[in-house]
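The values are calculated or read from the model by the stated rules, or taken from the named source; none is laboratory data. Treat the numbers as computed from the prediction; the structure is a model and nothing was measured. Cβ: placed from backbone, ideal geometry, glycine included. Neighbour counts: every protein chain shown.
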């Protein structure tokens, strides 16, 4: 008889991420993970005490995936605009992951002030401050405005309340960005 395949913690987390990505976080439970992995529920819950712990592991994978997805390419002329467009495109292409990351209280429930104090944001703010020739405080205000508009567009797309039109989204984000620059210069 062939040996049983060992279901690892990583396999469960990866399967959970893929299930959330394809079917939504609402469909995630021990049974659906077991079906995905082709095993019983016992190995699924062996490495994790609860399905909430599994969701947390899937959240970490989704967060890393999202970060990689939205980061601008070094060839982008306007990295801030590219970041916003990538964020909006993520919501369009990965609706279930977007909703899981940003529209569930339990796992994505960071408020905007927590986002603004995230250490990962400091590098973006520094680049923005230098590029726009403003101090860090002004860069933070500008980022907050830009983020709120990009997040609004992304939320509308992720919840099927708006049809995706890349040119229209780009134009809206450009208008906001140009307005922020004018406001930053006191125009």
Task: Test for residue 81: is it closer than 23 Å to residue 182 by Cα and touching a helix residue (DSSP H, G or I) at 6+ places or on another chain (Cβ under 7 Å) - done: yes
TODO: Being surrounded by fewer than 13 Cβ atoms within 10 Å (Cβ to Cβ) and in a loop (DSSP other than H, G, I, E, B) is the filter here, so list the residues in segment 131-182 that pass it.
DONE: 133, 135, 160, 161, 163, 165
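Here is a yes/no grid of residues against (1) assigned to a helix (DSSP H, G or I); (2) more than 19 Å from residue 103 (Cβ to Cβ); (3) modelled with pLDDT under 95:
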site: 15; (1), (2), (3): yes, yes, no
site: 19; (1), (2), (3): yes, no, no
site: 22; (1), (2), (3): yes, no, no
site: 48; (1), (2), (3): no, yes, yes
site: 53; (1), (2), (3): yes, yes, no
site: 58; (1), (2), (3): yes, no, no
Open item on the list: Can you find a residue that is more than 15 Å from the chain's Cα centre (by Cα), modelled with pLDDT of 85 or more and closer than 30 Å to residue 19 by Cα anywhere in segment 150-160?
Closed with: yes
